[in-house]
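**Q** I'd like to ask some things about the structure below.
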Amino acid sequence: MIWTTKQINQALSLNMTGDRNFGAVQFNSNDIQTGDIFIALQGNRDGHEFVKDALNNGASVAIVSKNIEEIDPNLLIIVEDTYQALIKLAEYKRHNVTAKFIGLTGSVGKTTTKSALKMMLDSYGKTYASHGTFNNHLGVPLTLASIPDDAEYVIIEMGMNSKNELSFLSKLAKPDIALVTTISEGHIEFFDSIEDIADAKCEIFEGLDNDHGIAIINHDIEMYDRCIKKINQLSIKNIITFGENENADINILSNEILEDENLRLKYLINNEEIDIVVPSVPPYFAYNFAASFAVINALGCDIENAASAICSFAPGVGRGKIIQVNSGQKEFRIICDYYNANPQSMASALQYLGQFNIIDKVAILGNMGELGKLKYDLHKDLIVLIKEARIKKLFLVGELMNHIKDEFDSSIQVISFADSDEAAQKIDQYLNGGEMILIKGSRSMKLEKIAQKLGVSDAF
């Protein structure tokens, strides 16, 4: 139970009768679980078109802005503006739930950090986290509106591609702790400079209480000094840092890929060394875990419990997991890192591939999106990294990647494809079996089609 009739009345200033219990708030009729509340929002399609589907799927009531023919009026809650109703539901929950709220954003690593942090916090109490990538002007209020009353910790992922977006989301969520994982050229298409991106990311700190809120920032990023200045301008007194910089509060001492391909990580936290081994994750996850440890430290929870919990962490689908697959008579090991890509995450993935002492290494790389006028230059920057990864075959998918196809000598076999459909159809003929394959590209490239063709059963 997430809502009662009384709570909905209070949140939306209504006078409904009865004493019913309701589940979570959903705006996608396909996500409805029995007892949920469907809210008809205006998106690419008018949500009112799906009210009947939502009710058939088990919704107990629908919040709408008009009557709908053939639907019992008792199943409808009519409001003037459904989006504003969602905001009011979110505000009500935020005001009445006594949990500790953590907001996080960043150019890279938001969702992985959220997953790692949830795994840690689950060992301390009931933790609720935003689902999937529900991190925009719809996803954040939807997450807030669906928090169970007995949650002890709430993790809200926040994304942005424009100025003032995070400011709104942070002031809505009012986090007790706000975290920026990293800042890079992702979304540069929508900004004039990386400085502008840093300013936009730092808007997440605007929802913090000046005296009691805690800002967490990556000490190693290029924009560190600018972010600290922004935090100070907001008069936020409490700051925790993480990174390889020796001055970081959560200090990454080392990361090492072991012979069994597990990752050994060492941290210095509160003058104590933390040594953990996590199965088959990329070295750059050291930062995701460090950011999570920073939150645990901010909450005053025991670090050892968190360290023990994270040792069983597994990456989400398409976010860096190594999978052994069979495709016909051929076997491959695939680094499934195709959920999304920007210059920083692409560089990290190529460096990861380069660390494996395997003869037959293959990279399947798709376009990086949202790079604006820098798109060609930032793709060219990958050339050196690709060469340093010591790969034998390079598959380039999309127009931007194909722009660099002539930049390699005969030591690397380069094959280019227009899109993921063509690549999925033809790629098997170029592979012999036994290769270690990295698949990496932006979400818009849909490189999971290639992973599926090569035998990854749960590619997306």
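**Q** Inside the stretch 380-415, can you point out the residues that are in a helix (DSSP H, G or I) and among the charged types (D, E, K, R)?
**A** Once the filter is applied, which keeps residues that are in a helix (DSSP H, G or I) and among the charged types (D, E, K, R), the stretch 380-415 yields K380, K387, E388, E399.
**Q** Could you please give the count of residues in the stretch 245-257 that are surrounded by fewer than 16 Cβ atoms within 10 Å (Cβ to Cβ) and among the charged types (D, E, K, R)?
**A** Kept after step one, since they are surrounded by fewer than 16 Cβ atoms within 10 Å (Cβ to Cβ), are these residues of the stretch 245-257: 245-247, 253-254, 256.
Then drop every residue that is not among the charged types (D, E, K, R), which leaves 246, 256.
So the count comes out to 2.
**Q** OK, next. Output the number of the condition that S146 fails; it satisfies all remaining conditions of (1) crowded, with 18+ Cβ neighbours inside 10 Å; (2) closer than 29 Å to L378 by Cβ; (3) of a type in the set (S, T, N, Q).
**A** In the conditions (1) crowded, with 18+ Cβ neighbours inside 10 Å; (2) closer than 29 Å to L378 by Cβ; (3) of a type in the set (S, T, N, Q), S146 misses (2) alone.
**Q** Specify which of the listed residues (I188, I197, I177, I239) is touching a Leu at 6+ places or on another chain (Cβ under 9 Å), at pLDDT 95 or above and either farther than 16 Å from G106 by Cα or not acidic (D, E) (or both). Outline the logic, then answer.
**A** Numbers: I188 fails: at pLDDT 95 or above; I197 fails: touching a Leu at 6+ places or on another chain (Cβ under 9 Å); I239 fails: touching a Leu at 6+ places or on another chain (Cβ under 9 Å).
After ruling out the rest, the residue left standing is I177.
**Q** Let me ask something additional. Is at least one residue of the stretch 313-324 free of Cβ contacts under 8 Å to residues at least 12 places away in the same chain, more than 30 Å from N271 (Cα to Cα) and β-branched (V, I, T)? Write out each step before concluding.
**A** Restricting attention to the stretch 313-324, the residues satisfying the condition of being free of Cβ contacts under 8 Å to residues at least 12 places away in the same chain are 324.
With more than 30 Å from N271 (Cα to Cα) added as a condition, the list becomes 324.
Checking which are β-branched (V, I, T) leaves us with none.
The answer is no; no qualifying residue exists.
Here is a yes/no grid of residues against (1) farther than 18 Å from K110 by Cβ; (2) surrounded by fewer than 22 Cβ atoms within 10 Å (Cβ to Cβ); (3) outside the structural domain of S123 (by the TED database); (4) in contact (Cβ under 8 Å) with a residue 24 or more places away in the chain:
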| position | (1), (2), (3), (4) |
| --- | --- |
| I334 | yes, no, yes, yes |
| M346 | no, no, yes, yes |
| Q351 | yes, yes, yes, yes |
| E370 | no, yes, yes, yes |
| Y376 | yes, yes, yes, yes |
| K405 | yes, yes, yes, no |
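**Q** For the stretch 13-35, enumerate the residues that are in contact with a Ser or Thr (Cβ under 7 Å, 6 or more places away or on another chain) and surrounded by 10 or more Cβ atoms within 10 Å (Cβ to Cβ). Spell out how you get there, then give the answer.
**A** Start the filter on the stretch 13-35 by keeping residues that are in contact with a Ser or Thr (Cβ under 7 Å, 6 or more places away or on another chain), which leaves 16, 18-22, 24-25, 35.
Residues satisfying the conditions are M16, R20, N21, F22, A24, V25, G35.
**Q** Let me ask you something else. Output the residues belonging to the stretch 92-135 that are part of a loop (DSSP other than H, G, I, E, B) and either under 23 Å from V278 (Cα atoms) or in contact (Cβ under 8 Å) with a residue 60 or more places away in the chain (or both). Break it down into steps so the answer makes sense when it comes.
**A** Pass one, the stretch 92-135, residues part of a loop (DSSP other than H, G, I, E, B): 97-99, 106-109, 122-126, 130-135.
Listed by number, the residues that qualify are G106, S107, V108, G109, D122, S123, Y124, G125, G132.
**Q** Does D377 satisfy being assigned to a helix (DSSP H, G or I) and among the charged types (D, E, K, R)?
**A** Details: assigned to a helix (DSSP H, G or I): yes; among the charged types (D, E, K, R): yes.
Taking the combined requirement at face value, the residue satisfies it.
**Q** Need pairs with beta-carbon distance below 6 Å; first residue in contact (Cβ under 8 Å) with a residue 12 or more places away in the chain and within the stretch 155-182, second assigned to a loop (DSSP other than H, G, I, E, B) and among the polar types (S, T, N, Q); sequence gap 6+ or separate chains.
**A** Listed by first residue and then by second, the contacts come to I156/S130; E157/S130; E157/N135; M158/N135; G159/N135; G159/N136; T182/S107.
The values are calculated or read from the model by the stated rules, or taken from the named source; none is laboratory data. Since we're looking at a predicted model, the values are computed, not measured. When we count neighbours, we look across all protein chains shown, and the Cβ atoms used for this are built from the backbone with ideal geometry, even at glycine.
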